[in-house]
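Participant: One structure coming up, written as structure tokens, with questions to follow.
The values are calculated or read from the model by the stated rules, or taken from the named source; none is laboratory data. What you are looking at is a predicted structure, and each value in this text was computed from that prediction instead of being measured. With ideal geometry, Cβ positions are generated from the backbone for all residues, glycine too; neighbour counts draw on all protein chains shown.
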Amino acid sequence: MDQNLSLYRIFNCVAEKENISHAAKLLYISQPAVSKAISSLEENLNITLFIRSSRGVKLTEEGKILYEYTRNAFDTLQQAEDCIKRIHNLGIGQLRIGASSTLCKFLLLPYLKDFVKEYPHIKIMIESQSTIHTLKKLEKNTLDIGLVAKPDNEKSFHFSSLGEIEDIFVATPSYLDNLKLREEQDEDIFSTANIMLLDEQNVTRKYIDEYFQLNQIQPNHILEVTGMDLLIEFAKTGLGVACVIKEFVLPELEEGTLVQIPLKMPVKKREVGFTYHRNAFLSDSMQKFLNFIQKS
């Protein structure tokens, strides 16, 4: 089959033009070379493909059947080449990104807004999930890149930092005032307040639990929430003290809607950024995105 491919191309051209001389000109080879190729193919298949005459050539019944298949095959190849050229010229591609819902809303979307303007033909697929799941999928090559807190295993991942984020505890002024009225003594806020945290599967929650353990803090009343958006809204509603990322509540802090709870030992800041596996194949779309975030 592999040896016959060039013969099939010559056969297909002769069948289209019904003339060996015309086919030779189109293929940029000599007429004897075309005739020899047809004879070789007929010998290989042990059939007669053309009826020769002074006016040209005509396909036999077997030749018509073969031509039907070769024509479809070469049309498909041409379509594939045209598609590849179109993809290259327009920059068509796809990019699979993993990020938590929190980082997706507050950090990823602003980047994507400008990236899509520059590369409108790249299809963006976003998987909203925990950092742990994002890293696992990057290892399995089912995602191209993730927006996560800096991975512990730096040997396996490339990491491009976007900066630091700070975990803080916030509440409304009215909640804090009412909490003081309810408590006879000025006790530790973690033992008296309703402490609102992300669920235990979240990386941020694990980080805060480590902070509690390190500083021997034992909250008495914990309300678990599934997302940062809800934590912020619950805090603004006055349901308790919420652990949130400071950079995501700056407007509320500036307006005084929420106030930051002072801590004896602040929570250590964390780095966040884009990461991808060191063994990952970098597609053209991926290269464009990496260049884009480096320039931003």
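Participant: Here are some conditions: (1) under 21 Å from Met228 (Cβ atoms); (2) surrounded by fewer than 16 Cβ atoms within 10 Å (Cβ to Cβ); (3) of a type in the set (S, T, N, Q). Asn178 meets all but one. Which one does it not meet?
Facilitator: (1)
Participant: Still on this structure, I have one more. Touching an Asp or Glu at 6+ places or on another chain (Cβ under 6 Å), outside any helix (DSSP H, G or I) and either over 30 Å from Leu143 (Cα atoms) or in contact (Cβ under 8 Å) with a residue 24 or more places away in the chain (or both) - does that describe any residue in segment 85-93?
Facilitator: Yes, the conditions are met somewhere in segment 85-93.
Participant: Tally time: how many residues in segment 117-148 are of a type in the set (Val, Ile, Thr), assigned to a helix (DSSP H, G or I) and at pLDDT 90 or above?
Facilitator: 1
Participant: What single numbered condition from (1) within 31 Å of the chain's Cα centre (by Cα); (2) surrounded by 14 or more Cβ atoms within 10 Å (Cβ to Cβ); (3) under 19 Å from Tyr207 (Cα atoms); (4) not small (Gly, Ala, Ser) fails to hold for Ile261?
Facilitator: So Ile261 meets the others, but not (1).
Participant: Next up: Looking at segment 242-258, which of the residues that are touching a residue at least 24 places away in the same chain (Cβ under 8 Å) and aliphatic (A, V, I, L, M) is surrounded by the fewest Cβ atoms within 10 Å (Cβ to Cβ)?
Facilitator: Leu253
Participant: Hey, another quick one. Here's a check for you: in segment 133-169, which residue that is surrounded by 14 or more Cβ atoms within 10 Å (Cβ to Cβ) and of a type in the set (Val, Ile, Thr) is nearest to Leu197 (Cα to Cα)?
Facilitator: Result: Ile168.
Participant: I need a count of the residues in segment 111-157 that are under 15 Å from Met286 (Cβ atoms) and of a type in the set (Lys, Arg).
Facilitator: 2
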